[in-house]
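One structure below.
What follows draws every value from the coordinates through simple rules; no lab data is involved. All values derive from a computational prediction rather than experimental measurement. Cβ coordinates were reconstructed from backbone atoms using ideal geometry, including for glycine residues, and neighbour counts include every protein chain displayed.
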Amino acid sequence: MPRSDIDRIREKIRLRQYDMSAHAMEEMAEDMLTILDVEEAVLTGQVIRVEKDDPRGTKYIVVGTGLDQQTPVGIVGRFASNGRYLIITVYEVTEAQG
């Protein structure tokens, strides 16, 4: 049975086989999130949407909670051609984004 998308993404996070774009780093800092918040959100979250219309590859939108187990964190990423997972952007989920 093929592994689920979230299982594949989690494996890349656990193995530290991921990269973050400069944009993701900026957004993470702007929302006062840390890399540990991002990792925790992926490891405890779920894929809420898959976008297949980008010519650069399928994007996965994951939402989970940060290290404090309260802050909702969204992560947008894709599997890169080098086999690593690229985190494109990170954000604190607000009710308006719901």
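Under the condition of being more than 22 Å from Glu95 (Cβ to Cβ) and free of Cβ contacts under 8 Å to residues at least 40 places away in the same chain, which residue from segment 52-71 is surrounded by the most Cβ atoms within 10 Å (Cβ to Cβ)? Within segment 52-71, the match that is surrounded by the most Cβ atoms within 10 Å (Cβ to Cβ) is Lys59.
Among the residues of segment 47-98, write down those that are hydrophobic (A, V, I, L, M, F, W, C) and part of a loop (DSSP other than H, G, I, E, B). Correct list: Leu67, Ala80, Val93, Ala96.
Residue count for segment 30-43 satisfying the condition of being assigned to a helix (DSSP H, G or I) and in contact (Cβ under 8 Å) with a residue 24 or more places away in the chain: 8.
Only one entry in Gly83, Gly74 is free of Cβ contacts under 8 Å to residues at least 60 places away in the same chain and not β-branched (Val, Ile, Thr), namely Gly74. In segment 19-29, is there at least one residue being free of Cβ contacts under 8 Å to residues at least 40 places away in the same chain and under 11 Å from the mean Cα position of the chain (by Cα)? No, segment 19-29 contains no residue that is free of Cβ contacts under 8 Å to residues at least 40 places away in the same chain and under 11 Å from the mean Cα position of the chain (by Cα).
When you scan segment 10-46, how many residues do you find that are of a type in the set (A, V, I, L, M, F, W, C), surrounded by 14 or more Cβ atoms within 10 Å (Cβ to Cβ) and either more than 11 Å from Val90 (Cα to Cα) or touching a Lys or Arg at 6+ places or on another chain (Cβ under 7 Å) (or both)? Residues meeting the conditions: 3.
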